[in-house]
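Okay, so here's the structure we're looking at.
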Amino acid sequence: MKKLFISVCLLLAGMSVANAQLSFGLSSGGVLGGDTNKNATFAPGYFGELDARYIFKHEIYLTFTPRFESSSYKSKASSPYEFFYYTNSMEFPLHVGHRSKLTDKVMLFYDLGPSFHWIMTNNYTGSVYGVELSSQEHPVGTGYSPRFNMDLGATVGVDVWNHMKVFAGFDYGVFPEQTAAFLENFQVKPTHQFSVRLGIGCYFSFKKRK
């Protein structure tokens, strides 16, 4: 962890020396959450994030977007299990990307990379895999869900006038969303969370190259 922190600091310092473009902003939008369990389906949610982006030569950039996300999913109508699940989390994506010019005022951008995922609260309601739960069952609190996870994500969108952006993103949980205790207790295969985001943002600070 210490080596990673030092590497990131050196990278940011290097980009400053290279006289990078620097922008800050806010974004928000809707999210559809789900997991790889075939009995589950999407349910709506929302997110909000801070944007920090360093753009250096050849329109390659590094972006850091701390994000609050509230997502959920539920059992399909045809599923023998009836449950509803939601989670509130903080995510800390660090992505590398590239921009290309579409018109004088529009830039296409795309980026990808890892994200550190911290689950703040989560909740199961209903029967899970045939086992009846209380009306407020918290997997993190009971040791059934890990507090921390890691995602791999990608984002694609457009910058308009260098002050606004419209984008779509996808994140996939690298590690199972259940602990070993959950898998043993419910005797199911591990599943992974994922989410699809659609959002719009505005940059409130922008510094151009000299």
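The values are calculated or read from the model by the stated rules, or taken from the named source; none is laboratory data. Keep in mind it's a predicted model, so treat the numbers as computed, not measured. In this analysis, Cβ positions are derived from the backbone assuming ideal geometry, glycine residues included, and neighbour counts consider all displayed protein chains.
Quick notes on this one:
- Pick from the range 48-78, criterion of a type in the set (G, A, S) and surrounded by 19 or more Cβ atoms within 10 Å (Cβ to Cβ), ranking: nearest to the chain's Cα centre (by Cα): S71
- In the range 138-157, the residues that are farther than 23 Å from G169 by Cβ form Cβ pairs under 6 Å with partners that are loosely packed, with under 14 Cβ neighbours inside 10 Å and of a type outside the set (D, E, K, R), at six or more places apart or across chains, as follows: G143/A181.
- Residues of the range 79-107 classified as loosely packed, with under 15 Cβ neighbours inside 10 Å, basic (K, R) and under 18 Å from A154 (Cα atoms), total: 0
- Cross-chain or 6+ apart pairs with Cβ under 7 Å, the range 67-80 first and in contact (Cβ under 8 Å) with a residue 12 or more places away in the chain, then outside any strand (DSSP E or B) and of a type in the set (D, E): S75/E82
- Here F116 passes the criteria (1) at pLDDT below 90; (2) closer than 20 Å to S71 by Cα; (3) of a type in the set (A, V, I, L, M, F, W, C) except the one numbered (1).
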